[in-house]
Amino acid sequence: AQKITQTQPGMFVQEKEAVTLDCTYDTSDPSYGLFWYKQPSSGEMIFLIYQGSYDQQNATEGRYSLNFQKARKSANLVISASQLGDSAMYFCAMRGGNSGYSTLTFGKGTMLLVSP
Amino acid sequence: DTEVTQTPKHLVMGMTNKKSLKCEQHMGHRAMYWYKQKAKKPPELMFVYSYEKLSINESVPSRFSPECPNSSLLNLHLHALQPEDSALYLCASSQDAGQNMNTEAFFGQGTRLTVV
């Protein structure tokens, strides 16, 4: 069974500052993928960044980077230079499975509020 | 075109009504999903279709009936719902639902359903 844990229900950051959103995971699958999604109040889940379990380098996408520490089973999202539009719910998710189908398992999410 | 389109965006229905939610994607994806999301909670997987066949049903009550008429369309037929079924219903698609762990899922904006 897979499990994703996000321990921060809410985070506050000032505009232009960097912020780290925590995510730990548990799985017995040797191969898995880790994802971060952003969900604004409009409801759409927006894909931000992906990290594969065998990737040697930490993933980066623009202002988003993923701090992947495999031994600690953590995949924290770092947002640099926060913007007001970054205020949203952020979900960490994992894709894995051994039944022939792999599905996304989501953490409980972290609400990020960016202040001017 | 990296878009998943869901209609309607909002739906209010009585407990005796029959309604349908629709989802469409034109990315050539062969896996489509229905998720249910309650307020301030993560999305919960309901159904997975792979190559137009129902692959996963997460023990969803029969008052929810999915249908995949073709590879681009996914419907969710609703009948005799309860007030506790009120939620955001998200549709997603991905290239496949197999063991490719870097397969990201693209989500629609969701349908906000209220059962009265």
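Taking 0.36 nm per residue of sequence separation and subtracting the Cα-Cα distance, how much length would be gained by fully extending the chain between A:ASP55 and A:VAL78, in nm to one decimal? Please list the in-between numbers first.
Working: separation 23, 0.36 × 23 = 8.28 nm, distance 1.75 nm.
Result for the pair: 6.5 nm of gain on full extension.
Looking only at Cβ-Cβ distances, which cysteines of chain B have no other cysteine closer than 4.7 Å?
B:CYS68, each lacking another Cys Cβ under 4.7 Å.
Each label point is 7 Å from the Cα along the Cα-to-Cβ direction; what then is the distance between the points at B:ASN57 and A:LYS3, in nm?
3.0
At q = 0.17, 0.23, 0.27, 0.34 Å⁻¹, what log₁₀ I(q)/I(0) does a Debye calculation on the Cα points of the range B:29-68 give, no solvent, two decimals?
Result of the Debye calculation: -0.46, -0.76, -0.94, -1.18.
Using every Cα-Cα pair within the range B:24-116, state what percent have a distance larger than 24 Å.
Values: 742 of 4278 pairs.
Considering the range B:24-116, 17 percent of its Cα-Cα pairs are separated by more than 24 Å.
DSSP loop GluC sites (Glu not before Pro) in the range A:15-116 with at most 15 other Cβ atoms within 10 Å of their Cβ, which ones?
Values: sites: A:GLU15, A:GLU17, A:GLU44, A:GLU61; in loops: A:GLU15, A:GLU17, A:GLU44.
Filter output for the range A:15-116: A:GLU15, A:GLU17.
Bin width 10 Å, origin at 0, all Cα-Cα pairs of the protein assembly as shown: what percent of pairs per bin?
Bin by bin from 0 Å, the calculated values are 8, 32, 35, 20, 5, 0.
Calculate the radius of gyration of the Cα atoms of the range A:30-116 to one decimal place, then report Dmax, the largest Cα-Cα distance, as a whole number, both in Å.
13.6, 47
For the pairs A:LYS73/A:LYS108; A:LYS38/B:LYS41; A:LYS38/B:LYS22; A:LYS73/B:LYS36; A:LYS38/A:LYS73; A:LYS3/A:LYS108, flag any whose C-alpha to C-alpha distance is greater than 19 Å.
On the way: A:LYS73/A:LYS108 17 Å; A:LYS38/B:LYS41 13 Å; A:LYS38/B:LYS22 23 Å; A:LYS73/B:LYS36 27 Å; A:LYS38/A:LYS73 21 Å; A:LYS3/A:LYS108 10 Å.
The answer is A:LYS38/B:LYS22; A:LYS73/B:LYS36; A:LYS38/A:LYS73.
Give a quick list of chymotrypsin sites (Phe, Trp or Tyr not before Pro) in the range B:4-75 that DSSP marks as loop, anything other than H, G, I, E or B, with at most 16 other Cβ atoms within 10 Å. Please list the in-between numbers first.
Values: sites: B:TYR33, B:TRP34, B:TYR35, B:PHE47, B:TYR49, B:TYR51, B:PHE64; in loops: B:TYR51.
The qualifying sites are B:TYR51.
Hey, got the dipole for the range B:36-94? About the Cα centre, +1 on K and R Cβ, -1 on D and E Cβ, debye to the nearest 20? Mind dumping the intermediate values first?
Numbers: 6 positive and 6 negative charges, 38 e Å.
Approximately 180 debye in magnitude.
Got a sec to turn the phi values of the range B:12-29 into Karplus ³J(HN,Hα) couplings, 6.51 cos²θ - 1.76 cosθ + 1.60 with θ = phi - 60°, whole Hz, x for Gly and Pro?
10, 9, x, 5, 9, 6, 10, 9, 9, 9, 10, 9, 9, 9, 10, 9, x, 5
Once phi is turned into ³J(HN,Hα) by the Karplus curve 6.51 cos²θ - 1.76 cosθ + 1.60 with θ = phi - 60°, what whole-Hz value does each residue of the range A:59-66 show in order, with x for glycine and proline?
Whole-Hz 3J(HN,Hα) from phi for the range A:59-66: 6, 9, 9, x, 7, 9, 9, 10.
Computed from the coordinates by the stated procedures, all read-outs in this text should not be read as laboratory data. Keep in mind the model is a prediction, meaning the values are calculated, not measured. Using ideal geometry, Cβ is built from the backbone for each residue, glycine included, and neighbour counts are taken over all protein chains shown.
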